[in-house]
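The values are calculated or read from the model by the stated rules, or taken from the named source; none is laboratory data. Please read these numbers as outputs of a predicted model, since none were measured by experiment. Ideal geometry is used to build each Cβ from the backbone, glycine not excepted, and the neighbour counts take in all protein chains shown.
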Amino acid sequence: MISPSDFDFLAIPFADWINLFVRDWLVPNFRPFFRSMQWPVSQVLNGLSTFLNATPMLVFTAALALIAWRTAGRGVAIFTLIALVFIDLIGLWPETMTTLAMVVTAVFFCVVIGIPLGVLAARSDIFQAVLRPILDIMQTIPSFVYLVPIVMLFGVGVVPGIIATIIFAVPPIIRLTNLGIRNVRHDLTEAAVAFGATPWQSLVEVQFPLALRTIMAGLNQTLMLALSMVVIAALIGAGGLGLTVFTGLGRLDVGNATAGGVGIVLLAIILDRISQALGEKRSVRTVSLMETMRSLFSPRRDAAAGESQRAG
Amino acid sequence: MKTKITGKNLYKIFGGSAEDALKLLQAGKDKDEIFEATGQTVGVNDASFEVAEGEIFVVMGLSGSGKSTLVRMINGLIKPSAGEILIDGVDVGSCSDEQLRRVRREKVAMVFQHFALFPHKTVADNVAFGLKIKGMPAAERREKAQVALDQVGLGARADSYPDELSGGMQQRVGLARGLASEPEILLMDEPFSALDPLIRSDMQQELLELQRSLKKTIVFITHDLNEALTLGSTIAIMRNGAIVQTGAAEEIVGSPADDYVAAFTKDIDRSLVFTAGSVAEPGEALDLAAADLKSALAAMERLHRDAIHLVDDGKVAGIVTYRDANAALGRNGGTLRDVLNEDFPAAEPDTRLFDLYELAQTGLPIALTNGDGRLSGIVEPKAVFAQLSTGGA
Ligand SMILES: Nc1ncnc2c1ncn2[C@@H]1O[C@H](COP(=O)(O)OP(=O)(O)OP(=O)(O)O)[C@@H](O)[C@H]1O
Ligand SMILES: [Mg+2]
């Protein structure tokens, strides 16, 4: 009888190869390089989280509500106010501020990295062809899988958590920057060039402003992805609301886990509404609280999100 | 007149390296055969032309005949695969990016078919775009933009956004944007074809007026022959990338180079093309001081005409018909002056036939005078209609 074990000599030791590659080559040779990448991230994060934690709760709540009111209208402002007060009352204010600092840091780097890459991809078909499969891979890998190589290369802690978040959340903004610029009407770009614009001038004067709506839709998606990843990053030592959820789960303390979860959801809704409204700046309107509530909990059906889904 | 733009044996091959396709062209293959053999498209095929300073040079041809490609070579948006394109003697096909940008900023502006206005900028900012690109300070460019907008009659809409304007107004903004940087050359790629017919002819007249006062050199694309004939001092007709005939309106319509051009001109309103001069006969007039009824009748019989002009001191004074003269002769004491019609139809030799219709309806021969009142020829009404009806031949 032939049994599968007779062919053991055919088995591919894939896991061993990867181990060899990462442990014996990548890590020893490149660790200093990866370590140095942490520096800018931790600078931004520290500044931001010091600032957020030092800001009194009432001041911050008022400020965010004001921003919501100016960008997304009265309804979202009232919702923001109530949600933040609720978070404070259930005792999760510091965790929420930590999470917010991490999310904002991650999104900041996503913008700094993603928009230039998106612009380059829009300018060069070759670069786009190279970038596309990479982005596809990045978006299909389950979020947990990111954590393994990150820990090996960067160690554990908040900053590696944010780096994982950046990698996880950056694809949409690259994609939609690329898409937005490529979709600018061809004759408008041509007109800019025909009047003697340099490539930089036509980007700044024409392409970027006209792509801004699409880019903002990308920013919104990036923000949401960052928020979801920052929670998972608690597994490798990032603090904040994610930690509350995981400790709650670990101790079978359903109450605390739920509280953490609710905090995340509230934060997500606020950030989502404000960033979406930023993308549609031209149509600022005041809507009733009722309407806002309804729109908050109804499935998202705006055109920008639908479009990007198809493009993704 | 000075030559402003010269195209010398221009070729444009789209897709891949041009050399193979150029060889095939030289071997006499046509656009379709080359597409089948190499998958490349011939955009422009051996086009040569000259545009004189201050003229309106109209390029026409069917869709896909290479008109847009040809004008885009003039400002370097498309680089020729072979050949030279010279503006004031400088080759724009081979100069550096920096030089090319200077040409676009200083010399050549463009007006687009679908206006291509920037939707996120106000009308004034749209018009000032070229100036901003040049680095002109904000206050100065606002001033210049206002001047350009006044020229096209839209001074009051400076702070509107393009989508608040009608199509005709939008294209005026497009025109103002082209004029604002005070270019010497204006390239217009089917600027009026997205407008409805009434607005379109308004815009044509306005362009002619602007042209009269500003004296720009204009390269104008259209696929409408009537528009070409209204505007063009010179018309070039393109087919499959090649220029098949270049000439004034009358040459194109009067002696088409081949069947393609003839087919183009078949349905044309000939009254817009031909002038009174083209159907004139030599006029003979009698001197009012010397002639009397008898000599007038005799002259008409000799010339086989029904009417004759009379001149007074060299200038045309009026016309006498055979019938009136004969009737006057029958009456006692009738004189030539009694039957002289001083309200006679008159025109100049370069008046278009279109404008002779009304005069021709009087039935009297039309006197052609050169502004000085002297008779240079006459046009018989039937000659006007005969010229118009030879169209489909
Ligand atoms: N970028 C391009 N790539 C490939 N082929 C092109 C390109 N631009 C134009 N062509 C081809 O070159 C030929 C000439 O095109 P062009 O746009 O100059 O024609 P046109 O006379 O302006 O036509 P229309 O009246 O439709 O504007 C067409 O066959 C067209 O398909
Ligand atoms: Mg065209």
Just checking, how many residues over the range B:263-279 are surrounded by fewer than 20 Cβ atoms within 10 Å (Cβ to Cβ) and either in a loop (DSSP other than H, G, I, E, B) or modelled with pLDDT of 85 or more (or both)? 3
Please give the number of the condition B:A194 fails out of (1) farther than 25 Å from B:T3 by Cβ; (2) more than 16 Å from ligand 1 (Cβ to nearest atom); (3) within 14 Å of chain A (Cβ to nearest Cβ). (2)
For B:V103, only one of the following conditions fails: (1) over 21 Å from B:I243 (Cβ atoms); (2) crowded, with 20+ Cβ neighbours inside 10 Å; (3) away from chain A (no Cβ under 14 Å); (4) β-branched (V, I, T). What is its number? (3)
Can you tell me which residue within the range B:202-224, out of those that are surrounded by 13 or more Cβ atoms within 10 Å (Cβ to Cβ) and of a type in the set (D, E), is nearest to B:E190 (Cα to Cα)? B:D224
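Restricting attention to the range A:152-205, and to residues there that are among the polar types (S, T, N, Q) and within 14 Å of chain B (Cβ to nearest Cβ), which single residue is nearest to A:L100 (Cα to Cα)? Give the steps one after another, and end with the answer.
Step one: list which residues in the range A:152-205 are among the polar types (S, T, N, Q), which gives A:165, A:177-178, A:183, A:189, A:198, A:201-202.
Keeping just the survivors that are within 14 Å of chain B (Cβ to nearest Cβ) gives A:183, A:189, A:198, A:201-202.
Details: A:N183: 33, A:T189: 38, A:T198: 39, A:Q201: 35, A:S202: 35 Å.
Taking the candidates together, the pick is A:N183.
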Looking at (1) closer than 19 Å to A:A268 by Cα; (2) in contact (Cβ under 8 Å) with a residue 40 or more places away in the chain; (3) surrounded by fewer than 18 Cβ atoms within 10 Å (Cβ to Cβ), which is the only condition A:A68 fails? (3)
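Yes/no per residue for (1) without any contact (Cβ under 8 Å) to a residue 40 or more places away in the chain; (2) away from ligand 2 (no atom under 16 Å from the Cβ):
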site: B:Q26; (1), (2): yes, yes
site: B:E33; (1), (2): yes, yes
site: B:E53; (1), (2): no, yes
site: B:K67; (1), (2): no, no
site: B:M73; (1), (2): no, no
site: B:I87; (1), (2): no, yes
site: B:L100; (1), (2): yes, yes
site: B:V111; (1), (2): no, no
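Please go through the range B:56-91 and give me each residue that is among the aliphatic types (A, V, I, L, M), over 26 Å from the mean Cα position of the chain (by Cα) and more than 23 Å from B:D30 (Cβ to Cβ), ordered by number. Even if it seems obvious, please write down each step before you answer.
Looking only at the range B:56-91, we keep the residues that are among the aliphatic types (A, V, I, L, M), and these are B:56, B:58-60, B:62, B:70-71, B:73-74, B:77-78, B:82, B:85-87, B:90.
Narrowing the set further to residues that are over 26 Å from the mean Cα position of the chain (by Cα) leaves B:82, B:90.
B:V90, the sole residue that qualifies.
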So, in the range B:61-82, exactly how many residues are at negative phi and either within 10 Å of another protein chain (Cβ to nearest Cβ) or not in a loop (DSSP other than H, G, I, E, B) (or both)? 11
Is it true that some residue in the range A:62-84 is touching a Phe, Trp or Tyr at 6+ places or on another chain (Cβ under 9 Å) and closer than 20 Å to A:G261 by Cβ? yes
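Can you tell me which residue is nearest to ligand 1 (Cβ to nearest atom) among those in the range B:83-100 that are part of a strand (DSSP E or B) and either acidic (D, E) or surrounded by fewer than 17 Cβ atoms within 10 Å (Cβ to Cβ) (or both)? First the steps, then the outcome.
Our first condition is that a residue be part of a strand (DSSP E or B); within the range B:83-100, this holds for B:83-87, B:90-91.
From the residues that got through so far, the ones that are either acidic (D, E) or surrounded by fewer than 17 Cβ atoms within 10 Å (Cβ to Cβ) (or both) too are B:84, B:90-91.
On the way: B:E84: 19, B:V90: 24, B:D91: 21 Å.
For the range B:83-100, the residue satisfying everything is B:E84.
What strands (runs of 3 or more DSSP E) completely inside the range B:183-260 contain at least 1 residues that are within 16 Å of ligand 2 (Cβ to nearest atom) and farther than 25 Å from A:A191 by Cβ? Walk me through how you get there before you give the answer.
Values: elements: B:185-189, B:217-222, B:234-239, B:242-247.
Qualifying strands (runs of 3 or more DSSP E): B:234-239, B:242-247.
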Can you confirm whether B:S63 is away from ligand 2 (no atom under 16 Å from the Cβ) and surrounded by fewer than 16 Cβ atoms within 10 Å (Cβ to Cβ)? no
The range B:126-147 residues that are away from chain A (no Cβ under 11 Å), paired with ones that are among the aliphatic types (A, V, I, L, M) and in a loop (DSSP other than H, G, I, E, B) (beta carbon under 6 Å, 6 or more apart): B:R141/B:A128; B:A145/B:A128
Quick one: is B:T41 modelled with pLDDT under 95, away from chain A (no Cβ under 14 Å), touching a strand residue (DSSP E or B) at 6+ places or on another chain (Cβ under 7 Å) and within 16 Å of ligand 2 (Cβ to nearest atom)? yes
